[in-house]
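Written out below as structure tokens is the structure these notes cover.
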Amino acid sequence: MTGPSMRTVTVLITDIEDSTRRWETETGTMAGALTHHDAVIRRAVEGHNGEVFKTVGDGFYAVFVT
């Protein structure tokens, strides 16, 4: 299907590997790391004209139209 409402987008999905175990064993470290992670991901996505459309735990869902 093609038409004026069709376009190609790129979707980025992130997740911190092994984060559940790290939260259980390194809670204090993870809290600071997650704050830093979130800021880095948002800055990178927005800096490349993307948009974060959902977050779940430590995961981000972002879309880029160009």
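Summary table
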{"item": "Sum of -39500 (n - 2.57) over DSSP H runs of 4+, divided by residues of the chain (222 nm, nearest 500)", "result": "-13500 deg cm²/dmol"}
{"item": "Accessible area of the range 16-58 divided out per residue, in Å², using a probe of 1.4 angstrom", "result": "73 Å²"}
{"item": "Principal-axis tilt of helix 27-47 within the chain, Cα atoms, nearest 10 degrees", "result": "20 degrees"}
{"item": "Sites matching GluC sites (Glu not before Pro) across the chain that sit in DSSP coil, with at most 13 neighbouring C-beta atoms within 10 Å", "result": "GLU17, GLU26"}
{"item": "Net charge over other residues, Cβ less than 15 angstrom from the Cβ of THR20 (K, R count +1; D, E count -1)", "result": "-4"}
{"item": "Neighbour net charge for ALA39 - beta-carbon separation under 14 angstrom, K R +1, D E -1", "result": "-1"}
{"item": "Karplus 3J(HN,Hα) series, Hz, for the range 56-66 with 6.51 cos²θ - 1.76 cosθ + 1.60 (x for Gly, Pro)", "result": "9, x, 9, x, 10, 10, 9, 10, 10, 9, 10"}
{"item": "Per residue, the convex hull volume that the Cα atoms of the chain enclose (Å³)", "result": "87 Å³"}
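The values are calculated or read from the model by the stated rules, or taken from the named source; none is laboratory data. In this text the structure is predicted, and so the values were computed from the model without any measurement. Ideal geometry is used to build each Cβ from the backbone, glycine not excepted, and the neighbour counts take in all protein chains shown. For accessibility, only protein heavy atoms count, side chains too; no ligands or nucleic acids. Shrake-Rupley method; radii C 1.70, N 1.55, O 1.52, S 1.80 Å.
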